[in-house]
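Below: one structure, written as structure tokens.
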Amino acid sequence: MKARVAAIFFLSVVLINAQSANETIKKIQSKFNSIGNFTAGFTQSFFNTSGNEQGKATGKFTYKRKNKFVVELKNQMIVSNGETIWNYDKKFNRVVVSYLSDDPTSFSLEKFIFDYPPLCKAKMVKESSGAANDYVLELTPKDNDLQFKLVKIWKSVDNLISKMELVDIGDMQYSFTFSDIKVNQDLADQIFTFNAPKGTKVIDLR
């Protein structure tokens, strides 16, 4: 009898967790659908398989619906118009041009918000950060077709994504944090097309 009660309790917890995760996904999707664009401070870190930080970069992130974005870092700029992506190395004055769909390093928020959740098992997990405890959304692929093993998503009180952590299939870990988020800015489409400076070496992979 005790075992049966324990099993029922466990199943109830699992169902409640799944419902909570699905509600969180819907809130994030609804918020994303309500805005056309946003700008934010951006911090990217990556860690090796032992969890040791291997690098960190900060800059500005600008995003517009339909996978248009600009990532501005100290020595790098990544620009996407939704179809083509330009990865510009300022130090070597070199830009690699490819189709967005062919670039595994492209940062498509829309994939994580809309495309990946149905392909993953979703649950809420408790994360401890200093004195505060946060529940974050955890997505685990149902099969091996996706190029990651795990994604964690933090949302702000107004349901915007404030942080993401990703573990790829090689067990490398990446962290993306957004700060000072400003939505529905006056952003011209022209900023999502990269015009190479004179003398830039262009490597076109299209």
query = Net charge near THR49, counting Lys/Arg +1 and Asp/Glu -1 over other residues with Cβ under 11 Å of its Cβ?
reply = -2
14 Å beta-carbon shell around LEU73, net charge (K/R +1, D/E -1) = +3
ask   = Which residue, LYS74, LYS91, LYS64, has the most motion in a Gaussian network model of the chain that connects Cα atoms within less than 10 Å?
value = LYS91
Rg over Rh, two decimals, the stretch 2-204 (C-alpha only, Kirkwood Rh) = 1.02
remark   = Quick calc, the chain, dipole around Cα centre from Cβ unit charges on Lys, Arg (+) and Asp, Glu (-), nearest 20 debye, gives 240
Other-chain or far-sequence residues with amide H under 5 Å of LYS163's (modelled H) = TRP154, PHE178
query = Got a sec? Charge dipole of the chain, +1 on Cβ for Lys and Arg, -1 for Asp and Glu; which of GLY82, PRO118, LEU205 is way out at the positive end?
reply = PRO118
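Computed from the coordinates by the stated procedures, all read-outs in this text should not be read as laboratory data. Just so you know, these numbers come straight off a predicted model, no measurement behind them. Note that each Cβ is placed from the backbone with ideal geometry, even for glycine, and that neighbours are counted across all protein chains shown.
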